[in-house]
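Below: one structure, written as structure tokens.
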Amino acid sequence: MSEFTRRSFIGKTAVAMGSFAALQKVVGAELHGADRSKSDPGPSNPTLDGQNPDSIWPPATDSKSLVQNFKYPFSFANKRTYEGGWSREVTIRELPVSKTLAGVNMRLTAGGVRELHWHTAGEWSLMLYGTARITAIDADGKSFVADVKKNDLWFFPSGIPHSIQGLNPDGCEFMLVFEDGEFSESETLLLSDAMAHLPPEVLAKNFGVGEQALKNVPKEELFIFQTAVPGGLEADQKAAAGALGKSPRDFAFRTMAIPPTKQTKGGNVRIVDSSNFKVSTTAMAMVTVHPGGMRELHWHPNADEWQYYITGKGRMTVVATGNKGRTMDFQEGDVGYVQKTLLHYIENTGDTDLIFLEMFKADRYQEFSFSEWLAHTPPELVMAHLKIDKATFDAIPKNGAVVTPLS
């Protein structure tokens with residue numbers, strides 16, 4: 001039985017039979033025979049065990065001295081719920097290895113508003129579902145209003161005030177990524193908080209109105225709240241422009257309007273960074289791996305990699321310094337994290353496309369291909385290291401596979 005088929009069989013069997021004892025028997029019979037040390041007859045969680053076969057029975061190539069945990073499911077994250085939507089986050093608090101980036105998953109109803117606010121960290125976002133209207137002003141005070149749909153991006157640098165509102169028919173859901181692993185969405189600078197913590201006479205003087213005009217200003221944060229669905233985009237753009245006019249900067253990016261940066265029989269990668277999205281200081285790769293394919297062995301020299309799994313199932317091995325390696329399984333809704341320069345791959349272990357994000361706190365995307373490195377090193381040196389023949393060396397992809405198979 002192949003490794004791919006074996007892993008799929010083990011996971012499905014554990015869930016279907018509803019017992020880790022069943023999983024233990026399957027693995028014991030196939031891999032370990034009568035070796036009773038390779039069994040675990042105690043209490044278990046069959047659903048989680050079935051989703052994590054490479055943690056239950058790690059491949060022999062994993063080290064016993066483990067690499068730091070690099071997975072956290074959004075399903076474990078606590079939701080902050082409001083009339084108008086909800087929010088949940090994965091920060092360094094939930095995933096200690098994630099020091100450079102934090103993620104916030106948010107849902108807004110049609111008309112639901114993420115209130116006017118700004119951040120101490122840059123905000124990058126991918127639309128996962130539905131449509132939304134985003135607003136901001138640039139550093140010159142000029143307005144920006146745009147509608148975004150599934151797979152569109154936006155980026156607001158730190159300090160840029162903005163808002164997000166769900167549109168008809170069913171609002172939206174999106175993933176926010178912040179350029180600070182310790183960043184929490186509950187620590188944003190909100191319009192409601194600012195108003196609540198300023199003396200009424202100061203607010204009245206600032207806005208040139210009487211104090212009575214501000215008597216209904218909220219005394220506590222709104223964060224997310226429900227209101228009417230906004231009207232037409234052009235009307236909002238015109239109303240917001242005022243005397244200064246529209247911003248020449250585009251804080252949104254239409255991801256699917258660009259062709260894949262790299263494409264093979266195994267899948268494709270779309271790369272978005274400051275080279276094609278001028279305002280962004282965060283780099284992204286949106287990766288699609290077809291069934292049986294693999295995001296090739298590689299590493300990133302300039303930044304840690306924060307991952308979000310959108311659809312499908314996969315597994316990743318991370319090879320760390322000190323002769324360490326660890327394999328973990330991922331499915332939609334999971335966050336993964338790989339520290340800068342560590343070797344890794346992502347293999348599709350399901351029967352549908354695996355789609356995930358690679359995020360970097362860097363304005364340019366950079367990577368080194370494992371195969372490309374070997375292919376451009378003197379052949380005799382590589383052959384002596386790996387004890388392979390010239391035909392095997394010649395088969396190594398010369399220009400990086402990105403996603404295998406190539407053809």
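The values are calculated or read from the model by the stated rules, or taken from the named source; none is laboratory data. Model, not experiment: these values are computed from the prediction. No Cβ is skipped: glycine too gets one built from the backbone with ideal geometry, and neighbour counts run over all protein chains shown. Quick note on the areas: whole protein, heavy atoms, side chains included, nothing else; ligands and nucleic acids left out. Shrake-Rupley method; radii C 1.70, N 1.55, O 1.52, S 1.80 Å.
Take D353 and tell me if it is over 18 Å from N268 (Cβ atoms), acidic (D, E) and touching a strand residue (DSSP E or B) at 6+ places or on another chain (Cβ under 8 Å).
No; evaluated as a whole, the condition is false for this residue.
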Looking only at the range 86-111, count how many residues are open to solvent by 10 Å² or more (accessible area, probe 1.4 Å) and either touching a Pro at 6+ places or on another chain (Cβ under 6 Å) or not hydrophobic (A, V, I, L, M, F, W, C) (or both).
9
Working only within the range 347-394, note down all residues that are open to solvent by less than 80 Å² (accessible area, probe 1.4 Å), of a type in the set (A, V, I, L, M, F, W, C) and farther than 28 Å from E123 by Cα.
F370, L374, A375, V382, M383, A384, I388, A391, F393
Return yes or no: is V217 assigned to a loop (DSSP other than H, G, I, E, B), of a type in the set (V, I, T) and at pLDDT 95 or above?
no
Would you confirm, using the coordinates I've provided, whether V272 is loosely packed, with under 13 Cβ neighbours inside 10 Å and modelled with pLDDT of 95 or more?
no
Under 28 Å from F156 (Cβ atoms), among the β-branched types (V, I, T) and buried (at least 22 other Cβ atoms within 10 Å of the Cβ) - does that describe any residue in the range 300-318?
no
The one condition in (1) in a helix (DSSP H, G or I); (2) within 30 Å of I271 (Cβ to Cβ); (3) of a type outside the set (F, W, Y) that D250 fails to fulfil:
(1)
Being among the hydrophobic types (A, V, I, L, M, F, W, C) and either at pLDDT below 95 or out of contact with any strand residue (DSSP E or B) (no Cβ under 7 Å at 6 or more places or on another chain) (or both) is the filter here, so list the residues in the range 39-79 that pass it.
L48, I56, W57, A60, L66, V67, F76
The range 240-252, residues that are out of contact with any helix residue (DSSP H, G or I) (no Cβ under 8 Å at 6 or more places or on another chain) and either open to solvent by less than 70 Å² (accessible area, probe 1.4 Å) or at pLDDT 95 or above (or both)
A240, A241, G242, G245, S247, P248, R249, D250, F251, A252
What number of residues in the range 253-269 are of a type in the set (A, V, I, L, M, F, W, C) and surrounded by fewer than 19 Cβ atoms within 10 Å (Cβ to Cβ)?
3
Can you tell me which residue within the range 395-407, out of those that are of a type in the set (G, A, S) and closer than 20 Å to H300 by Cα, is least open to solvent (accessible area, probe 1.4 Å)?
A401
How many residues of the range 294-323 are part of a loop (DSSP other than H, G, I, E, B) and either aromatic (F, W, Y) or within 22 Å of S369 (Cβ to Cβ) (or both)? The answer is 6
Residues (in a helix (DSSP H, G or I) and open to solvent by 60 Å² or more (accessible area, probe 1.4 Å)) located in the range 220-235:
E234, A235
Given T404, T341, T327, T377, which one is within 21 Å of Q263 (Cβ to Cβ) and hydroxyl-bearing (S, T, Y)?
T404
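Output yes when any residue across the range 63-71 is open to solvent by less than 10 Å² (accessible area, probe 1.4 Å) and of a type in the set (G, A, S), and no when none is.
No, the range 63-71 contains no residue that is open to solvent by less than 10 Å² (accessible area, probe 1.4 Å) and of a type in the set (G, A, S).
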Selection from the range 112-132 of residues within 26 Å of I355 (Cβ to Cβ) and surrounded by fewer than 20 Cβ atoms within 10 Å (Cβ to Cβ) yields L128, Y129, T131
